[in-house]
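What follows is calculated from the coordinates using simple rules that are stated; it is not laboratory data. Given the structure is predicted, the values throughout are model-derived calculations rather than measurements. All Cβ positions, glycine included, derive from the backbone under ideal geometry; neighbour counts span all protein chains shown.
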Amino acid sequence: GVHVAEKEAKRDYQEVYNAIATKIRDEDEYDNYIGYGPVLVRLAWHSSGTFDRNDNSGGSFGGTYRFKKEMNDPSNKGLQNAFDFLRPIHEQFPWISSGDLYTLGGVTAVQEMMGPKIPWRSGRVDQPENTVPDNGRLPDASQGASYVRNLFDRLGFGDRETVALIGAHALGKTHYENSGYEGPWGPSPNVFTNDFFVNLLNAHWTLNTNKKGVKQWDNDQGHMMLPTDMALVKDPKYRKLVEEYAKDQDVFFRDFSKAFAKLLENNIKFPDQNKPHYFKTLDEQDL
Ligand code: HEM
Ligand SMILES: Nc1cccc2nccn12
C-alpha cells in the first residue's frame, strides 16, 4: 500500500548533499575516471523502479535495496559499488533513512554532473526484510518498444516521461560483468546532457552480437545502444520525443527533472510540511 512519509526531521540535508558531492568529486578514478555519478543515479532509479501501481507495492520508501534478496537481483549487478560508496556517508549521518540516502545520492549525482535541479523530499522510513519486493520488476534491455511502454506504464509513466528518464543513458557505460552489454562511453559519460538523443538520431548503428553472445547496437565512434534504447527511435511516438529532446536540451532537462522526482517518490504520500528541497551545487556554494 501507499506509504506516508514521516514529518521532516530538523536536519541539515544540504550537509548530506555536500558530503556526497565532495566524495564524488574526490573519488574521480572509479570506472576508468567516469566517477561514481552514473552508478549513484542508477541506484536511485533501481531502488525506486520496483514500484507497481497495480497494487502499490515496491518503490523507494523502505530502502529495501539494502537486503540481499534485492541487492542480488541480477538487474542490480554492479550497484554494490554505489552502496559501498554511500556506506561512510550513512555512518557520518546515521539519522538518515536508507531510502532517503539512496534517492538523495541520485539527486546529488545528477546536479553535480551539471544536470537539472531535482526537487527532493525527505521522510522515507526503513522497512523490514519481509517487505522486499520480488526480483524481476526492473526492465530487461533486450526488449522492444511495446515492452518498454508496458513497463513504464506499470511505473505510472507516459511516453514523454519514459523517453526523458531513459535520457539518463547519456551517463556512464554498460559493463560485460554486470549486464552482458559492453559500451565504450558516450561522448560525455559524467556530464548530464541530451547527448543520448543526439547520438541515437545522428550516428550510424549496426546490430552486433557481442562476445558475451548478447545483441547490442554499435556505431563507428565506439558508442553503443541497448535494444531498448534503439526502440525509442523505431517507435514513431517515442521517436517524436527523441527528436524534441535532441533539439532542445532545456526541454529535456525540464521533463527529466519532473519525471525523476516522480520516480523517486512513487508510492509515497508526503505531509505538506515536508517541502521539496532544491539543493545548491558545490559550485553554487563556492565549495
Ligand atoms: C528500458 C529501461 C532501461 C533499461 C532496459 C536499462 C538498462 C540498463 C543497462 C543494461 C545498463 C548497464 C548496466 C551495467 O552493465 O553496468 C544500464 C546502465 C545505466 N542506466 Fe539504465 N536502463 C533503463 C532505464 C534507465 C533509467 C530510467 C535510468 C535513470 C533515470 C537509467 C540510468 C542508468 C545509468 C546512469 C546507467 C550507467 C550506470 C553505470 O555507468 O554504472 N537507466 N541501464
Ligand atoms: N551509457 C549508457 C548506459 C546504459 C545504456 C546506454 N545506452 C547508450 C549508452 N548507455
Could you check which residue among Gln273, Gln249, Gln80 shows the biggest mean-square fluctuation in a GNM of the chain with a 10 Å Cα cutoff? Gln273
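Counting only other residues whose beta carbon sits under 11 Å from that of Glu129, what net charge do I get with K and R as +1, D and E as -1?
Here the charged neighbours net out to +1.
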Counting other Cβ atoms within 10 Å, keep those with at most 11, restrict to DSSP loop, and tell me which trypsin sites (Lys or Arg not before Pro) in the stretch 205-235 are left. Lys211
Determine the sum of side-chain charges near Tyr238: Lys and Arg each +1, Asp and Glu each -1, restricted to other residues whose C-beta is under 14 angstrom from that of Tyr238. -2
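Could you check what % of the DSSP bridge pairs in the chain are antiparallel, to the nearest 5?
Of all bridge pairs located within the chain, approximately 80 percent are antiparallel.
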Are there trypsin sites (Lys or Arg not before Pro) in the stretch 49-95 that DSSP marks as loop and that have at most 15 other Cβ atoms within 10 Å, and which are they? Arg53, Lys77
Across 10 Å bins from the origin, how do the percents of Cα pairs in the stretch 145-251 run, short distances first? 15, 47, 34, 4
Give me, ordered by chain and number, the residues 5 or more places off His277 or on other chains with an amide H under 5 Å from its own placed amide H. Trp120, Arg121
Order the peptides 3-15, 131-143 from the highest to the lowest mean number of other Cβ atoms within 10 Å of their residues. 131-143, 3-15
HN-Hα couplings for the stretch 270-287 via Karplus (6.51, -1.76, 1.60; θ = phi - 60°), in whole Hz with x for Gly/Pro, come out as 9, x, 3, 6, 7, 6, x, 8, 10, 6, 7, 6, 4, 4, 5, 9, 6, 9
Taking only Cα atoms, what is the 0 to 90° angle, nearest 10, from helix 13-26's long axis to the longest principal axis of the chain? 40
The stretch 101-159: equivalent-ellipsoid semi-axes (sqrt of 5 x gyration tensor eigenvalues, Cα, Å): 25, 21, 11
For the stretch 259-266, take each phi angle, set θ = phi - 60°, evaluate the Karplus expression 6.51 cos²θ - 1.76 cosθ + 1.60, and give the result in whole Hz per residue in order, putting x for glycine and proline. 5, 5, 4, 5, 4, 6, 10, 3
Could you let me know the centre-to-centre spacing of the stretch 261-281 and the stretch 176-233, using Cα atoms, in angstrom? 32
In a GNM of the chain with a 10 Å cut-off on Cα contacts, which of Val41, Val107, Val214 has the highest mean-square fluctuation? Val214
